[in-house]
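What follows draws every value from the coordinates through simple rules; no lab data is involved. Just so we're clear, the structure is a prediction, and the values are computed from it rather than from any experiment. Quick reminder, even Gly has a Cβ in these numbers, built from the backbone with ideal geometry, and neighbours come from all protein chains shown.
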Amino acid sequence: MNILIINCGSSSIKYQLFSMERKASLLNGIVEKIGSEEASVTHRKGEKKHKQTIGVPDYFSAVEIIAGLLTHPEWGAVEEKSAIHAIGHRVVHGGEEFKSSVVIDKHVMERIKYYGKLAPLHNPPAYNGIRGTMQIFPHTVQVAVFDTAFHQTMPEEAYLYGLPYKLYKQYCIRRYGFHGTSHRYVAEAAAKMLKRPLVKLKLITCHLGNGCSITAVKNGKSVDTSMGFTPLEGLLMGTRCGDIDPALVGYIMEKEKMTINQVNDLMNRKSGLLGLSGISNDMRDLLECAKKGNHRAKLAIDVFIYRVKKYIGAYIAVMNGADTVILTAGIGENVAIMKQRLSKEMSNVLGRRIKILTIHTDEERLIAFDTYELVKNKK
Ligand code: AMP
């Protein structure tokens, strides 16, 4: 069975084609800057890469281009569109409703659109991408895999904010958590590596990429996570501030004469590693500058690691212990000092028992697997 994975961002679509029998990725790529004159497609098959600048006015055209590449004699992997047996979509927000992946029907489409009110930057492009895909692959089963689903097991005490309860009831204001697919993937992979059942483990999964979040996974279930109502809460990130005193929003508006949208932009796009260092949101640049003695680069790295330690400590407390801490995503997988410093600076907390593992995350593979599980009996 060939499964196509579609991951729509605010102006891009990432895609990847899997053969489930061969347990292999056949090709992948990205259409970027959708809606602009400089839109481009980067397509990879094996070692070969092909990049083209091309007009892509909307998501429908982007999916059309992807479909053309999948069946292309040189760049494709299948002869006809009908050889794509199912399509799995990454969808950021599924509210409290979607606790696992689902086959997409009219109702699911309406709800993905509805939850755009909770994820205005993420759900609308996913909705448009799915619509485009349904038009171009009208006979193919489509599945939605939600970023929030894995965290739906959190208890009330972890997901409620200390705000009037009626705001939760009225506006669904609560912690949702994100990166669920990644946390679930590395938790399952860790259990396999440790040769122990996932239901008997207490894991702390640290997704440290451009966006960062940490999850406490107890007996295979998410019991707390650092991102909240939006992906802004928690750790320091590339350009996001993570936890701050909520009173600062009004204070900054007043002092800087900013609107609420400008403060939102400041906290989402101009803060984090970029804001603190004044240099870059990319950890590689900061490591390089810190090595040359740049104080602000070093400071940004220190704040980043400090916050990771704080959350690991909190989650050990929440679960009353832990078996393993898992580091994943761009920074978690590649920055050696992360593991070194956590081991050294938390040696008393971790003791000999709690190991730190680095595991490569592969959200797309998990989306493919979930899609396969939902459609295998329909074929
Ligand atoms: P991601 O969102 O998972 O792609 O991760 C992006 C972050 O990972 C950026 O801050 C990158 O600087 C960082 N990153 C990726 N590769 C490396 C590397 N080889 N060394 C250090 N940082 C890396």
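Summary of values
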{"quantity": "Listed residues Pro231, Pro125, Pro155, most fluctuating in the chain (Gaussian network, C-alpha, under 10 Å)", "calculated": "Pro155"}
{"quantity": "Positive-end residue of Phe146, Phe178, Ile356, charge dipole of the chain with Cβ unit charges", "calculated": "Ile356"}
{"quantity": "Lys339 versus Met258: modelled label distance in nm, points set 7 Å from Cα along the beta carbon direction", "calculated": "3.7 nm"}
{"quantity": "Flagged links, alpha-carbon separation over 32 Å, of Lys45/Lys378; Lys221/Lys298; Lys113/Lys298; Lys195/Lys376", "calculated": "Lys221/Lys298; Lys113/Lys298"}
{"quantity": "Positive-end extreme of charge dipole, the stretch 98-237 - chosen from Ile130, Phe98, Met193 (charges on Cβ)", "calculated": "Met193"}
{"quantity": "Student exercise, the stretch 1-66 dipole from Lys, Arg, Asp, Glu Cβ charges, in Debye to nearest 20", "calculated": "420 debye"}
{"quantity": "Entries in Lys200/Lys339; Lys192/Lys355; Lys33/Lys81; Lys23/Lys99 that, when Cα-Cα distance is taken, lie over 18 Å", "calculated": "Lys200/Lys339; Lys33/Lys81; Lys23/Lys99"}
{"quantity": "Neighbour-count ranking [beta-carbon atoms within 10 angstrom, fewest first] of Tyr311, Tyr127", "calculated": "Tyr127, Tyr311"}
{"quantity": "Footprinting exposure proxy for Glu80, Glu345 (fewest neighbouring C-beta atoms within 10 Å first)", "calculated": "Glu80, Glu345"}
{"quantity": "Anchor Lys257: lysines whose Cα lies under 26 Å away (excluding residues fewer than 8 positions away in-chain)", "calculated": "Lys270"}
{"quantity": "GNM top mover of Leu248, Leu69, Leu201 - the chain, alpha-carbon springs below 10 Å", "calculated": "Leu248"}
{"quantity": "Whether the stretch 1-131 is rounded, prolate or oblate, judged on the alpha carbon gyration tensor where a/c under 1.5 counts as rounded", "calculated": "oblate"}
{"quantity": "Helical segments meeting 24 Å axial Cα length and Kyte-Doolittle 0.5 threshold in the chain (DSSP H)", "calculated": "295-319"}
{"quantity": "Gaussian network model of the chain, springs between alpha carbon atoms under 10 Å - residue of Lys106, Lys51, Lys218 with greatest fluctuation", "calculated": "Lys106"}
{"quantity": "Local electrostatic count, Gln262, Cβ distance below 14 Å [Lys/Arg +1, Asp/Glu -1]", "calculated": "+1"}
{"quantity": "Prolate/oblate/rounded call for the stretch 188-268, Cα gyration tensor, a/c under 1.5 rounded", "calculated": "prolate"}
{"quantity": "Size of charge dipole - the stretch 24-103 - debye, nearest 20, with Cβ of Lys, Arg +1 and Asp, Glu -1, no other charges", "calculated": "320 debye"}
{"quantity": "Unit charges at the beta carbon, dipole of the stretch 17-98: most positive-side option, Ser19, Thr71, Thr53", "calculated": "Ser19"}
{"quantity": "Nearest-20 debye value, the stretch 139-191 charge dipole, Cβ charges on Lys, Arg, Asp, Glu", "calculated": "240 debye"}
{"quantity": "Whole-Å semi-axes of the chain's equivalent ellipsoid (Cα gyration tensor)", "calculated": "33, 25, 23"}
